[in-house]
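First comes the structure, then the notes that go with it.
Since every read-out is calculated from the coordinates, none of them should be taken as a lab result. Every value quoted in this text rests on a predicted model; they were computed, and no experiment measured them. Cβ atoms come from the backbone with ideal geometry, glycine included; neighbour counts cover every protein chain shown.
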Amino acid sequence: MIFREASLETILEINPRLSLKKGLVSKKVAMEHIDEYVKKIQGYELTEFKNGSKFQNGDTLVARITPCLENGKTAYVDILEDNEIAFGSTEFFVIRAKEGRGDSQFVYYLMRHPNIRKVIIQSMTGTSGRQRAQKQSILEYNMSLPDLDYQKKIGRTLSLYDAKIESNKEIINTLEQLSQTLFKHWFIDFEFPNEQGQPYKSSGGEMVESELGEIPKGWRVYKLNELTELFKLTFNPEKTTEEKISHFSLPAFDNGQTPTIDEVSGIKSNKWILKDNCVVFSKMNPRTPRIWLTNIVENYLNVASSEFVVLKSETRNLNAFIYNLCKSDKFNEYLISNATGSTNSRQRVTPTIALDYKIALDMEQVELYSLKVVDMVEKIKVLRTENKKLSQLRDNLLPKLLSGEVEISEALEV
């Protein structure tokens, strides 16, 4: 490998010229289709092209406007067909590796490098709330750059981490869909297996009237507060000997549902203490549901934002059921209909009202369901923890590879 001091302009270009006919229906990637610090583009829409940035597979999209840039919205384009051109927000920088001089995967990870991100953020100009970064801050950035072959090795190595993270996410989504489908089948549609193993309601199972409408005979209506405990053990950062805590915050939920390890000195308000077998959900803005299956971090005090409602169950099995109840559409609809506040973004539901939620159940069926899904739920927690570790390894490896401190042969395999 050979490293040479050079500006980034020697290996990449910004906003390359591409032709896309106005009015042509094409894939559009909006800012909301890019998650913070996530390589994979999360979606797109098909719509007529009028204006915007244009890009192809292999390009990197970097948000250039506050706060999206500071929050880490940077993605790699790989959702298109060969030679297909898509478009997106005018607030993207489109970064492309120069042919024969730069590697596209390497360029993506360069845009994730903390030193480069810092320079881009410092270049922002404009009025408060509408500041934008300047492309020259990228093009003129000088650093020690590896030769093309080694760029490709770095890109391939770091891509292995992201590929494993995406694979784990797909497994998590599958497990959540399976457990939710089963929950709806048993407790909403009442198609749990009867004594003959057939779907109860559609096989002629007897139904009786209740305050919630028809429910299976022998079942009764429960309130959520009869099934689980509202856990309200308070953590006061002013009255603790802890130096660091495992923090289940709203931003941490949005960034992969893994808690952050934070200095207590930076915590400015009281939090809820978490124990084993807890599920938390956000009481703020239920139209954007945030239901978190908490995984306690050992050797730290675990706390949650006061914007969460903390539910603690007696057993791991019951916790798996409560998690899926809180994930259900019916529960979310109940929270939305009972939220109060002046605007959608500031609406809240009180914990007392949330725990008044009613559902028809038979506790024997709850236990049978929990036995079926508890391993799925535990696997979800394991995979989320693994993704956090993979992300940390990838991010720690990037500057070490670029400095030459670590060579590819020494890099940990995923």
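How much net charge surrounds Ser203 when only other residues with a Cβ under 12 Å from its Cβ are counted (Lys, Arg +1; Asp, Glu -1)?
Summing Lys/Arg as +1 and Asp/Glu as -1 gives -2.
Tell me, in nm to one decimal, what length is gained between Lys330 and Ser265 on full extension, where the rule is 0.36 nm per residue of separation less the Cα-Cα distance?
19.4 nm
Shape call for the stretch 191-341 from the C-alpha gyration tensor, a ≥ b ≥ c root eigenvalues: rounded (a/c under 1.5), prolate (a/b greater than b/c) or oblate?
prolate
What does a probe at Lys98 reach in the stretch 126-166, counting residues whose amide N is under 13 Å from the point 7 Å along Cα→Cβ?
139-141, 148
I'd like the distance separating the alpha-carbon centroids of the stretch 353-414 and the stretch 287-331, in whole Å.
Comparing the Cα centres of the stretch 353-414 and the stretch 287-331, I get a distance of 14 Å.
Explain nothing, just the number: relative contact order of the stretch 186-265, from Cα pairs under 8 Å at least 6 residues apart, as a whole percent.
15 percent
So if each residue of separation counts as 0.36 nm, and I subtract the Cα-Cα distance between Lys217 and Asn115, what length gain in nm does that give? Show your work: numbers first, answer last.
Numbers: separation 102, 0.36 × 102 = 36.72 nm, distance 6.46 nm.
Stretched out fully, the Lys217 to Asn115 stretch lengthens by 30.3 nm.
Rank by packing, highest mean first: peptides 52-62, 211-221, 33-43, with packing defined as the count of other Cβ atoms within 10 Å averaged across residues.
Top of the packing list down: 52-62, 33-43, 211-221.
Considering only Met284, Gln257, Met376, whose Cα is most displaced toward the positive end of the charge dipole of the chain, charges sitting on Cβ of Lys, Arg (+1) and Asp, Glu (-1)?
Met284
Within 13 Å, Cβ to Cβ, of Glu48, how many net charges do the neighbouring residues add up to if Lys/Arg are +1 and Asp/Glu are -1?
Once positives and negatives cancel, what remains is +4.
Consider the candidate values [x] -0.36, -0.89, -1.15, -1.25; [y] -0.24, -0.67, -0.97, -1.12; [z] -0.32, -0.84, -1.09, -1.19; state which one is log10 I(q)/I(0) by the Debye sum over Cα atoms at q = 0.06, 0.10, 0.12, 0.13 Å⁻¹ computed from the structure displayed.
[z]
If you project the alpha carbons of the stretch 3-146 onto the principal axes, what extent comes out on each, in Å, largest first?
43, 40, 24 Å, listed from the longest principal axis down.
Build a GNM of the chain with springs between Cα atoms under 10 Å: which of Val264, Val303, Val279 gets the top mean-square fluctuation?
Sorting by GNM fluctuation, first place goes to Val264.
Each residue of the stretch 148-157 in order: what ³J(HN,Hα) in whole Hz does its phi give by Karplus 6.51 cos²θ - 1.76 cosθ + 1.60, θ = phi - 60°, with x for Gly and Pro?
Rounded to whole hertz, the list is 4, 4, 6, 4, 5, 5, 4, x, 5, 5.
In which sequence would Ile95, Ile172 go, from the one with the fewest C-beta neighbours within 10 Å to the one with the most?
Ordered by Cβ neighbours within 10 Å, fewest first: Ile172, Ile95.
Please work out how much length the chain gains when fully extended from Lys358 to Glu81, using 0.36 nm per residue of separation minus the C-alpha to C-alpha distance, in nm with one decimal.
Separation in residues times 0.36 nm, less the Cα-Cα distance, equals 94.9 nm.
Can you put Tyr76, Tyr369, Tyr222 in order of Cβ neighbours within 10 angstrom, beginning with the fewest?
Neighbour counts put them in this order, fewest first: Tyr222, Tyr369, Tyr76.
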